[in-house]
Amino acid sequence: MRAHYDFPDAARAFFGFFAEPAPAVGERAHAAVQHGLDTGQARPAEAHRYGRLLQAYELMFWNSVAD
């Protein structure tokens, strides 16, 4: 982005933040799922649907950036 658009470091920081996985995301996701299972609140079909929606929104975001 710096070479093509001449964005300064501060403007590129937003994209850098989202370019890497969130710290400890795997452990936090596991804990959330385990809590749902332990308390009987887990709804696997809804969780799967929301996960797919999140992936779709993220893909739309990055495709928009690429355009």
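Roughly how many nanometres apart are two label points built 7 Å out from the Cα toward the Cβ at Ala11 and Val65?
Between Ala11 and Val65, the label points sit 1.5 nm apart.
Work out the length of the dipole vector of the chain about its Cα centre, built from +1 on the beta-carbon of each Lys and Arg and -1 on the beta-carbon of each Asp and Glu, and round it to the nearest 20 debye.
160 debye
Placing +1 on the Cβ of each Lys and Arg and -1 on the Cβ of each Asp and Glu in the chain, which of Trp62, Ala19, Gly36 has its Cα farthest towards the positive end of the resulting dipole?
Gly36
Which value, in Å², gives the accessible area per residue of the chain when a 1.4 Å probe is used on the protein heavy atoms?
So the chain comes to 91 Å² accessible per residue, rounded to a whole number.
Ignoring ligands, DNA and RNA, what percent of the 1.4 Å accessible area of the chain is carbon and sulfur?
61 percent
Taking the Cα centroid of segment 50-67 and of segment 3-48, what is the distance between the two, rounded to the nearest whole Å?
Here the answer is 13 Å between Cα centres.
The values are calculated or read from the model by the stated rules, or taken from the named source; none is laboratory data. Bear in mind the structure is a predicted one, so any value in this text is a computation, not a measurement. Cβ atoms come from the backbone with ideal geometry, glycine included; neighbour counts cover every protein chain shown. Each accessible area value is taken on the protein alone, full model and side chains, heavy atoms only, with ligands, DNA and RNA left out. Shrake-Rupley method; radii C 1.70, N 1.55, O 1.52, S 1.80 Å.
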